[in-house]
Amino acid sequence: MSERNRPASEHIRLEFTGRLAHITFARPRRRNSMTLDMIEWLRDCARTVAARTELGAVLIDAEGHDFCAGVDLAEFDAIPDAAEHARRGVTLAQQAIAAFHSIPVPVITAVQGSAAGGGLGIALSGDIVLAASDARFIAPYSQLGLSPDGGVSWQLVRLLGSARATDALLTGRPIVADEIFALGLVSRLYPRDELRFEAEQIATDLANGPTAALIATKRLARSASAQGFEDQLRDELESFARLGGQPDQIEGVAAFVERRPPAFNEAESDEGTR
């Protein structure tokens with residue numbers, strides 16, 4: 001059974017099923033473009049999820065043809081004080097993406113169609129980014145007379161390197177699925193009609209996995225590019241030793257020896273305490 005943690009937004013759903021949090025963009029007729037109210041809802045959803053210590057994974061996906069086309073420019077254009085409205089929207093989007101980045105358990109994003117502007121920032125917030133064969137990543141800021149927001153400049157430079165990222169940011173050219181995969185922006189490509197099913201399977205498996213080990217692995221993967229080899233070796237050793245002898249580690253080894261599926265999360269370990 002699914003549990004709703006808070007009143008539903010018309011265009012963004014947050015549901016909890018067991019240890020999985022599921023956030024879905026549901027404004028397909030507007031390409032899931034975000035109004036200011038939607039961005040605030042997304043921020044609140046992200047913070048709600050980040051505060052749930054019993055979760056094992058988070059899935060972010062979307063209904064319709066596109067993942068998220070960024071902000072709804074029609075709404076912003078119709079408001080007299082557009083500059084202040086934009087500042088508010090960017091602030092909320094930054095808070096949402098910062099909250100997603102603070103979540104210690106795996107975050108999975110499933111992207112079909114266009115992920116543009118702030119929608120690209122959300123897509124790239126995933127630890128595992130899955131894409132449909134029609135996916136397109138777009139940073140269209142220069143065509144709008146704007147500069148990047150939502151952490152897109154940081155994410156693209158980190159993932160692509162300075163030369164490719166600067167090209168994408170200055171020209172705003174779409175990066176299509178095969179190139180997205182070749183450049184390492186996503187880890188897996190699926191036919192469009194299979195994406196959401198596969199994403200839910202992966203997210204559910206992770207949610208039911210050894211949460212303490214997954215939290216530690218995510219932390220090590222993030223720190224690897226920010227510190228030297230010797231420091232990384234030290235952190236690996238400390239994490240490995242901390243997990244040894246914990247219930248999930250004992251269960252994992254027993255299941256391997258007995259050739260059966262493991263039953264993780266029967267008890268919390270110190271590593272899983274947040």
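The values are calculated or read from the model by the stated rules, or taken from the named source; none is laboratory data. Model, not experiment: these values are computed from the prediction. Note that each Cβ is placed from the backbone with ideal geometry, even for glycine, and that neighbours are counted across all protein chains shown.
Report yes if some residue within the stretch 188-205 is in contact with a helix residue (DSSP H, G or I) (Cβ under 6 Å, 6 or more places away or on another chain) and either in a loop (DSSP other than H, G, I, E, B) or modelled with pLDDT under 95 (or both); otherwise report no. Lay out the reasoning, then the answer.
Filtering the stretch 188-205 down to residues in contact with a helix residue (DSSP H, G or I) (Cβ under 6 Å, 6 or more places away or on another chain) leaves 189-190.
Of the ones still in play, those that are also either in a loop (DSSP other than H, G, I, E, B) or modelled with pLDDT under 95 (or both) are none.
Checked the stretch 188-205: no residue is in contact with a helix residue (DSSP H, G or I) (Cβ under 6 Å, 6 or more places away or on another chain) and either in a loop (DSSP other than H, G, I, E, B) or modelled with pLDDT under 95 (or both).
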When the residues of the stretch 223-244 are narrowed to those that are closer than 24 Å to His101 by Cα and among the aliphatic types (A, V, I, L, M), which ends up modelled with the lowest pLDDT? Ala226
Examine the stretch 135-147 for a residue that is hydrophobic (A, V, I, L, M, F, W, C) and at pLDDT below 95, and state whether such a residue exists. yes
From the residues in the stretch 193-242 that are in contact (Cβ under 8 Å) with a residue 24 or more places away in the chain and of a type in the set (Lys, Arg), which one is surrounded by the most Cβ atoms within 10 Å (Cβ to Cβ)? Arg196
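Yes or no, residue by residue, for (1) modelled with pLDDT under 95; (2) of a type outside the set (A, V, I, L, M); (3) surrounded by fewer than 24 Cβ atoms within 10 Å (Cβ to Cβ):
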{"residue": "Ala69", "(1), (2), (3)": "no, no, no"}
{"residue": "Ala93", "(1), (2), (3)": "yes, no, no"}
{"residue": "Thr109", "(1), (2), (3)": "no, yes, no"}
{"residue": "Leu120", "(1), (2), (3)": "no, no, no"}
Every residue from the stretch 132-163 that is free of Cβ contacts under 8 Å to residues at least 40 places away in the same chain, part of a helix (DSSP H, G or I) and surrounded by fewer than 16 Cβ atoms within 10 Å (Cβ to Cβ): Ser142, Gln143, Trp154, Leu159, Ser162, Ala163
